[in-house]
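Q: Before I ask anything, here is the structure I am working with.
The values are calculated or read from the model by the stated rules, or taken from the named source; none is laboratory data. Computed from a predicted structure; not experimentally measured. So basically every Cβ, Gly included, is an ideal-geometry build from the backbone, and we count neighbours across all protein chains shown.
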Amino acid sequence: MKTSYKVLFLRTGNSARPIMSETIMNRKGVSTCRAFRVGSHPFGKVRSEALRQIEAAGLHAAGARSKSCDEISVPGAPHLDFAFTVCNNAAREVCPIWPGQPMTTHLGGA
């Protein structure tokens with residue numbers, strides 16, 4: 001049985017929910033999960049509301065930035081076990097072939 005899972009959160013802009021999801025997963029699932037996040041059309045910056053919520057929860061988001069799918073679909077990228085879309089727009093897009101061919105699902109949201 002596998003002891004560590006690599007999880008991807010995908011949203012079109014990658015400016016709030018994926019960053020919050022990645023931060024929480026990396027803190028709470030530290031012994032079993034490693035989270036990553038990307039956007040299919042990243043905004044280029046993180047929403048200040050998301051950063052405030054992360055910090056209010058006692059978590060750290062220093063250096064957080066809006067990342068593109070290109071950053072996780074390159075040779076040498078981590079092989080993923082799970083990929084979650086966290087917005088309806090991203091769920092309707094054709095996703096790249098992720099390293100590791102992860103199980104994918106949609107978590108809903110606008």
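Q: Out of all the residues in the stretch 39-54, which are of a type in the set (D, E, K, R) and not in a loop (DSSP other than H, G, I, E, B)? So that I can check it myself, show each step before the final result.
A: Keep residues of the stretch 39-54 that are of a type in the set (D, E, K, R), which gives 45, 47, 49, 52.
Answer for the stretch 39-54, where residues must be of a type in the set (D, E, K, R) and not in a loop (DSSP other than H, G, I, E, B): GLU49, ARG52.
Q: Next question. Which of (1) at pLDDT below 90; (2) over 13 Å from the mean Cα position of the chain (by Cα); (3) at negative phi does GLY44 not meet, given it meets every other one?
A: Of everything listed in (1) at pLDDT below 90; (2) over 13 Å from the mean Cα position of the chain (by Cα); (3) at negative phi, GLY44 misses just condition (3).
Q: Could you give me the residue pairs with C-beta distances under 9 Å whose first residue belongs to the stretch 29-58 and is surrounded by fewer than 12 Cβ atoms within 10 Å (Cβ to Cβ), whose second residue is hydrophobic (A, V, I, L, M, F, W, C) wherever it lies, and which are 6+ apart or on separate chains?
A: GLU49/ALA16
Q: I would also like to ask the following. Name the single residue, out of those in the stretch 1-16 being farther than 14 Å from HIS41 by Cα, more than 8 Å from the chain's Cα centre (by Cα) and modelled with pLDDT of 85 or more, that is surrounded by the most Cβ atoms within 10 Å (Cβ to Cβ).
A: Going through the stretch 1-16, the residues farther than 14 Å from HIS41 by Cα turn out to be 1-8.
If we keep only those that are more than 8 Å from the chain's Cα centre (by Cα) too, we end up with 1-6.
In the following step, the residues that additionally are modelled with pLDDT of 85 or more were identified as 4-6.
Working: SER4: 10, TYR5: 15, LYS6: 21.
Out of the qualifying residues, it is LYS6.
Q: Another question, then. Given the structure, is SER66 touching a residue at least 12 places away in the same chain (Cβ under 8 Å) and within 15 Å of the chain's Cα centre (by Cα)? Step through it out loud before you land on a result.
A: On the way: touching a residue at least 12 places away in the same chain (Cβ under 8 Å): yes; within 15 Å of the chain's Cα centre (by Cα): yes.
When the stated conditions are applied, SER66 passes them.
Q: May I pose another question? Being more than 16 Å from THR12 (Cβ to Cβ) and at pLDDT below 80 is the filter; apply it to the stretch 74-100 and report the residue that is nearest to the chain's Cα centre (by Cα). Break it down into steps so the answer makes sense when it comes.
A: First, the residues of the stretch 74-100 that are more than 16 Å from THR12 (Cβ to Cβ): 74-82, 97-100.
In the following step, the residues that additionally are at pLDDT below 80 were identified as 97-100.
Values: ILE97: 15, TRP98: 13, PRO99: 14, GLY100: 16 Å.
Per the criteria, the residue is TRP98.
Q: On to the next question. Evaluate the stretch 22-30: report whether one residue or more is among the aliphatic types (A, V, I, L, M) and over 19 Å from PHE84 (Cα atoms). Outline the logic, then answer.
A: Of all residues in the stretch 22-30, those among the aliphatic types (A, V, I, L, M) come to 24-25, 30.
Then drop every residue that is not over 19 Å from PHE84 (Cα atoms), which leaves none.
No, the stretch 22-30 contains no residue that is among the aliphatic types (A, V, I, L, M) and over 19 Å from PHE84 (Cα atoms).
Q: With SER15, SER21 as the choices, which residue is hydroxyl-bearing (Ser, Thr, Tyr) and either within 16 Å of THR104 (Cβ to Cβ) or part of a strand (DSSP E or B) (or both)? Talk me through it step by step, then tell me what you get.
A: On the way: SER15 fails: either within 16 Å of THR104 (Cβ to Cβ) or part of a strand (DSSP E or B) (or both).
After ruling out the rest, the residue left standing is SER21.
Q: Here's something else I'd like to know. Scan (1) surrounded by 14 or more Cβ atoms within 10 Å (Cβ to Cβ); (2) without any contact (Cβ under 8 Å) to a residue 60 or more places away in the chain for the single condition SER21 breaks and write down its number.
A: Of everything listed in (1) surrounded by 14 or more Cβ atoms within 10 Å (Cβ to Cβ); (2) without any contact (Cβ under 8 Å) to a residue 60 or more places away in the chain, SER21 misses just condition (2).
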